[in-house]
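A quick write-up on the structure given underneath.
Laboratory data are not the source of any read-out in this text; all were calculated from the coordinates shown. What you are looking at is a predicted structure, and each value in this text was computed from that prediction instead of being measured. Cβ sites come from the backbone with ideal geometry, for glycine too, and all protein chains shown count toward neighbours.
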Amino acid sequence: MKRAYILFIAAASVLLLYSYGFIDPHLSFSSHPLYVWAQNIVVSLVYRQSVVAAVLYACIIAALFAGYGILLWGQKEKKLMSVPRWVFALVIMLVLSYPAFSYDIYNYIATAKVAFLYRENPYVVMPVEIPNEPMLSYTRAANKLALYGPAWIVLTSFPFIAGMGNIFLTVMSFKAFAAVFYAAVTFLIYRKTKDLKQALFFALNPLVLIEVLVSGHNDVVMMALGLAGLLLWNRQGARYKAAGIILFISSVLIKGATIVLLPLFFLPASPTGGPAWKWEKKMRIAAFLMFGVFLISPLREEMYPWYAVWWLSCLAFVPIRRKSPIHALSFWLSLGLMLRYVPWIATREYGGITPVSRIIVTIVPVLVYICIRFRKKILRPFTLLKRYL
């Protein structure tokens, strides 16, 4: 446990400082001399020594995944009894980090600003159409209409109002808002499984930590509402089932991906395996369905790392066994997805060699795991051939 603690906290501390090197040149959170001095150092590292910045990012990711692996599979004790207190410090540090690897949070804010400040329909009016809007200088995709469903637009009113018009407070409010739903998913996992290890399987996955707590992506909100809807539907009583349907519809009206979970509402209510078997089976199917949507996501645009939150949150409900290939595979695939940022940090380009490099770094960790895990079966034909020769 101590080794995991050191790796997580050390990596998060470095990431907290490192992340502010990615701040847009047109954006400043403070004019305080100490802040400006520190920011200039990390900005210089990220923009002028991009290869060094890429190596540093890879080291941060390696430390996080090492701590994650030790916590889940390297402990001698069979069962974790309570949440380590350092986890709360870890979450706070990551929420305070700058959303370094995505501009989506600024798109959320810009859309909320169109809806709640300018009182315009974000499905009709684009942020770029608002004259003299200061956010346009550092917001990407400002020339698009609202990219998410009406449920998300309504929910963004809370962090937007909490930001009180200050961009730093607004960014942190949106990140804290994502953290609330991150905590909600973690709670749902623990409440249903009664196994803290399964809850931490989701909560401390470095991909989840970075894409939810650092970047503030809304995928965790969609999954929290969808999973809560399924859990309530699973209970007896019309009011629970009605609430479950409302939450599930709200989930679909955020991003739409959870629509594939609709068949789970029609599975038999009392299978012979009992309630526990029923829920585990449902979550295996849910993880498979969400993973399928994840795999076909490049047909729309790209396989974004944060889409993995979809199937990771479902897989966390499935019991973790020491030699469980599905959980181990999720570990290595999560690592590969987080390494997709390395080529971009090193080149600061989306074209050229970056797309191919991203595919390679995503696949290699998975292939390495498969070769190690199934090495006997892979080498068996060569062993037989050698015997006959």
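Taking only C-alpha pairs under 8 Å that are 6+ residues apart, what is the relative contact order of the chain in percent? Show your work: numbers first, answer last.
Numbers: 494 pairs, mean separation 62.1, N = 389.
16 percent.
I need K278, K2 ordered by Cβ neighbour count within 10 Å, fewest first.
Final ranking by Cβ density, sparse to dense: K2, K278.
Pull out a ≥ b ≥ c, the square roots of the eigenvalues of the alpha-carbon gyration tensor of region 1-63, then state rounded if a/c is under 1.5, prolate if not and a/b is larger than b/c, and oblate in the remaining case.
Oblate shape, in that a/c is at least 1.5 and b/c is the bigger or equal ratio.
Ranked by Cβ crowding within 10 angstrom, fewest neighbours first, how are S357, S31, S173, S313 ordered? Display every interim value, and only then the final one.
Details: S357 17, S31 7, S173 21, S313 28.
Fewest-to-most Cβ neighbours within 10 Å comes out as S31, S357, S173, S313.
For I259, put the label point 7 Å out on the Cα→Cβ axis and report which residues of region 297-323 keep their amide N under 19 Å from it.
Only 297-302, 307, 310-311 fall inside the zone, counting backbone N under 19 Å.
Between N40 and R85, what is the spin-label point distance in nm, taking each point 7 Å from the Cα along the Cα→C-beta axis?
Computed distance between label sites N40 and R85 equals 3.9 nm.
Pull out the extension gain between V154 and Y123, defined as 0.36 nm times the separation in residues minus the alpha carbon to alpha carbon distance; nm, one decimal. Don't jump to the answer; show the numbers that get you there.
On the way: separation 31, 0.36 × 31 = 11.16 nm, distance 1.30 nm.
The span from V154 to Y123 would gain 9.9 nm if fully extended.
Work out, step by step, the length gained on full extension between F168 and R3: first 0.36 nm times the residue separation, then minus their alpha carbon distance; give nm to one decimal. All intermediate terms of the calculation are to be shown ahead of the outcome.
Values: separation 165, 0.36 × 165 = 59.40 nm, distance 3.37 nm.
So the extension gain works out to 56.0 nm.
Could I have the simple spin-label model distance between V55 and F266, label points 7 Å from Cα toward Cβ, reported in nm to one decimal?
Taking the simple label geometry, V55 and F266 are separated by 5.7 nm.
Checking the a/c ratio against 1.5 first, then a/b against b/c, what shape does the Cα gyration tensor give for region 178-278? All intermediate terms of the calculation are to be shown ahead of the outcome.
Working: a/c = 2.21, a/b = 1.39, b/c = 1.60.
Oblate shape, in that a/c is at least 1.5 and b/c is the bigger or equal ratio.
Can you classify the chain as rounded, prolate or oblate using the Cα gyration tensor, where a ≥ b ≥ c are the square roots of its eigenvalues, rounded means a/c under 1.5, and otherwise it's prolate if a/b beats b/c and oblate if not? Please list the in-between numbers first.
Values: a/c = 1.66, a/b = 1.18, b/c = 1.41.
Since a/c reaches 1.5 but b/c is at least a/b, the shape of the chain is classed as oblate.
Find how much the distance from V14 to R284 grows on full extension, using 0.36 nm per residue of separation minus their present alpha carbon separation; answer in nm with one decimal.
Working: separation 270, 0.36 × 270 = 97.20 nm, distance 3.59 nm.
Extra length from V14 to R284 when fully extended: 93.6 nm.
Report the residue, chosen from N166, N132, N107, that carries the largest GNM mean-square fluctuation when the chain is represented by alpha-carbon nodes joined by springs under 10 Å.
N132
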